[in-house]
Each structure stands twice: as structure tokens, then as C-alpha cells.
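The values are calculated or read from the model by the stated rules, or taken from the named source; none is laboratory data. Nothing here was measured: the structure is a model prediction, and the numbers come from that model. Please note: Cβ atoms are built from the backbone with ideal geometry, for glycine as well, and neighbour counts cover all protein chains shown.
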Amino acid sequence: MFSGSARSKTGAFAVSQSLDPPLLAARDLALTVRGEPLLRNVDLDIHAARRLMILGANGAGKSLLLRCLHGLTRRTGGGVYWRGRPMDRAARRAQAMVFQRPVMLRRSVLSNLLFALGAAGVRKSERRARAQEALEQARLEHLARRPARLLSGGEQQRLALARALACRPEILFLDEPTASLDPAATLAVEQLISAAHSDGVAIVMVTHEAGQARRLGDDIVFLHRGAVAEAGRAAHCLSAPSSAPLQAWLEGRLYLEETRLSAEKR
Ligand SMILES: Nc1ncnc2c1ncn2[C@@H]1O[C@H](COP(=O)(O)OP(=O)(O)OP(=O)(O)O)[C@@H](O)[C@H]1O
Ligand SMILES: [Mg+2]
């Protein structure tokens, strides 16, 4: 996705020099709520079948960015483009999102899948086969008849992912999909994400774990106070970060602007 990142006049990072048209692009994206800039100058390109990890401290704006990219939260400035055109309903149908706390319908695991497929416009005759395939992929066949709300956190997360993937999106947004999961459940979710990527699905994922970003990411965007502080190849940025906020984050330090300023004055 990125062939380098350079700071533009606005302070944002120019992150796209690929010749392929991006699947999804944000240009100077901004979100201001009651006078408070929550996202600013965000430029990014997401190419087909790439995996972008969005990183940043609590409150940096990661979830809001995902929501703006997917069109769930209306941005107040800039643009979001799908294959070079403003997003429309058809574009939204080619996307899926999994939230940190999955929302399960008050019905069985299988019905949750069938309902999602119906909502995605899949023909009734195809829904059962697709749901079955999704259950097998997520290794949830044995729980097909169980009320979804009775599943454990890890099982619900796998169902949420299976439900999203059953709709065969071109891009999948994931907001901390393994937060609060144990190592085995984390591995299961990571395997589902990797399988989706192997099938050509572009992944845009928020994570707090550098190890996970290294394992799953081709590219990263590091957000600091609503703006992109650093962007580029995951392997490079995570081993040789060039921005102070990402350096601090990787070292597990709280990055305080004031600390930097007082250090510079000395
Ligand atoms: N609807 C809203 N109105 C006003 N402020 C909001 C709204 N939604 C989020 N915020 C604020 O925007 C900032 C960024 O929120 P966001 O949820 O994107 O953070 P985050 O990077 O996902 O953090 P975390 O790692 O804790 O999930 C926070 O300070 C939050 O309080
Ligand atoms: Mg969040």
C-alpha cells in the first residue's frame, strides 16, 4: 500500500504512490464534534487484499476512523472514496465490520448467519449452504442451534467474524477483534482473518498489540490525537519507528507532548 510516507503541508501523511487504484481511500478526512477535532487531515489508501493495522493510544481516534471509513459515522470534512468514487450503498454492501463487542441477535447461531445473509441480499436458496460453510470455517458447527447470546466471548467473536465473512466482503473492518480473548481464541480469530486475507479480502484492523500488528499487518497507520503520526510498512515502522508517539507506544510509555517540549527546551 505505502511506498513511503511524507509529511504534507497540512501535517498529514501522504501514503499512496501505488499504481493500482485503491479500493478505499480517505482524503483529508476530518471529524469535529462540538468544536473538538477528533480526526484531522487523515489521508490513507487501502488496496485490495492488503492488511492495514490501525494503532494508537486509547482515545487516539481509531474506532472513529474505522466508523468514518465504513460510513457509520458521518465525517465533517474531506472525503472517503470506494474505487475512486464517493461511497454509496453498493460500496457499503461490499464492506463488513466486526465490532469489539459483537452484537448478537436473540436467536440461534445459525439464524444469526441466515439473517445476516438475508440482510446482505443473498438469495434465499443460497443462504443455508453459505451459512454452513461459515460455521465450518469458524469451527462452530456444533453450536449451530445454540442461542447466540449464550456463546462465550471468544465464540461470539468467531461468530461475528463468520457472519461478516459469509457475506463475502471485499474489505473487512475489525475493531480490536481479539481484545479480552485467551491465546487459543485469539489464534482462532487470527486464523480466520488470515484465511479471509488469503481469499483476497482487504483487512483494516484496530489493535493494541504490536505483536499482532507484526503478525497480521502489511501496513500500519499510527494515530495520535486524531491525526496520522506515522504510516508505512508494518515490518519497517514497528522495528524502526520514526515518530516520537509511535516510539513511545512501542516502549509502553505514555507519550506526553509536554514531556517532549520540555525536553527540547533543555
Ligand atoms: N460521538 C462522540 N462525540 C464526542 N466525542 C467522541 C464521540 N465518540 C468518540 N469521541 C471521543 O473521541 C476520541 C476518540 O475516540 P475513539 O473511540 O475513536 O478512540 P480509540 O482510539 O478507539 O480508543 P480506544 O483504544 O480506547 O478504543 C475519544 O476522546 C472519545 O471520547
Ligand atoms: Mg476504540
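Before we move on, is A134 within 23 Å of the chain's Cα centre (by Cα), more than 26 Å from E190 (Cβ to Cβ), free of Cβ contacts under 8 Å to residues at least 60 places away in the same chain and in a helix (DSSP H, G or I)? Reasoning before the result, please.
On the way: within 23 Å of the chain's Cα centre (by Cα): yes; more than 26 Å from E190 (Cβ to Cβ): no; free of Cβ contacts under 8 Å to residues at least 60 places away in the same chain: yes; in a helix (DSSP H, G or I): yes.
Taking the combined requirement at face value, the residue does not satisfy it.
Inspect all residues belonging to the stretch 173-189 and state whether any of them is modelled with pLDDT of 95 or more, hydrophobic (A, V, I, L, M, F, W, C) and within 16 Å of ligand 2 (Cβ to nearest atom).
Yes, the stretch 173-189 has at least one match.
Every residue, every condition in (1) in a strand (DSSP E or B); (2) at pLDDT below 95; (3) over 19 Å from A202 (Cα atoms); (4) more than 15 Å from ligand 1 (Cβ to nearest atom), yes or no:
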position: S63; (1), (2), (3), (4): no, no, no, no
position: L66; (1), (2), (3), (4): no, no, no, no
position: R75; (1), (2), (3), (4): no, no, yes, no
position: G78; (1), (2), (3), (4): yes, no, yes, yes
position: V103; (1), (2), (3), (4): no, yes, yes, yes
position: L117; (1), (2), (3), (4): no, no, yes, yes
position: R139; (1), (2), (3), (4): no, yes, yes, yes
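Yes or no: R92 more than 15 Å from ligand 1 (Cβ to nearest atom), surrounded by fewer than 16 Cβ atoms within 10 Å (Cβ to Cβ), closer than 28 Å to E155 by Cβ and of a type outside the set (D, E)? Spell out the reasoning first.
Working: more than 15 Å from ligand 1 (Cβ to nearest atom): yes; surrounded by fewer than 16 Cβ atoms within 10 Å (Cβ to Cβ): yes; closer than 28 Å to E155 by Cβ: yes; of a type outside the set (D, E): yes.
Yes, satisfied.
Please find, within the stretch 185-222, the residue that is surrounded by the most Cβ atoms within 10 Å (Cβ to Cβ) out of those that are free of Cβ contacts under 8 Å to residues at least 24 places away in the same chain and of a type in the set (G, A, S).
S194
For the stretch 239-251, give me each residue that is surrounded by fewer than 22 Cβ atoms within 10 Å (Cβ to Cβ) and either of a type in the set (D, E, K, R) or part of a helix (DSSP H, G or I) (or both).
Our first condition is that a residue be surrounded by fewer than 22 Cβ atoms within 10 Å (Cβ to Cβ); within the stretch 239-251, this holds for 239-244, 247-248, 250-251.
Residues satisfying the conditions are S239, A244, Q247, A248, L250, E251.
Of the residues L72, L117, which is touching a residue at least 24 places away in the same chain (Cβ under 8 Å), of a type in the set (A, V, I, L, M) and within 16 Å of ligand 2 (Cβ to nearest atom)? Show your work before the answer.
Working: L117 fails: within 16 Å of ligand 2 (Cβ to nearest atom).
Sole residue among the options that is touching a residue at least 24 places away in the same chain (Cβ under 8 Å), of a type in the set (A, V, I, L, M) and within 16 Å of ligand 2 (Cβ to nearest atom): L72.
Among the residues of the stretch 108-128, is any among the charged types (D, E, K, R) and under 28 Å from A184 (Cβ atoms)?
Looking only at the stretch 108-128, we keep the residues that are among the charged types (D, E, K, R), and these are 123-124, 126-128.
Filter once more, keeping what is under 28 Å from A184 (Cβ atoms): none.
No, the stretch 108-128 contains no residue that is among the charged types (D, E, K, R) and under 28 Å from A184 (Cβ atoms).
Among the residues of the stretch 187-207, is any over 20 Å from A96 (Cβ atoms) and either touching a Lys or Arg at 6+ places or on another chain (Cβ under 7 Å) or not in a helix (DSSP H, G or I) (or both)?
First, pick out the residues of the stretch 187-207 that are over 20 Å from A96 (Cβ atoms): 187.
If we keep only those that are either touching a Lys or Arg at 6+ places or on another chain (Cβ under 7 Å) or not in a helix (DSSP H, G or I) (or both) too, we end up with none.
No - not one qualifying residue is present in the stretch 187-207.
Picking from V206, V201, which residue would you name as being at pLDDT 95 or above, within 16 Å of ligand 1 (Cβ to nearest atom) and of a type in the set (V, I, T)? So that I can check it myself, show each step before the final result.
Numbers: V201 fails: within 16 Å of ligand 1 (Cβ to nearest atom).
Answer to the selection: V206.
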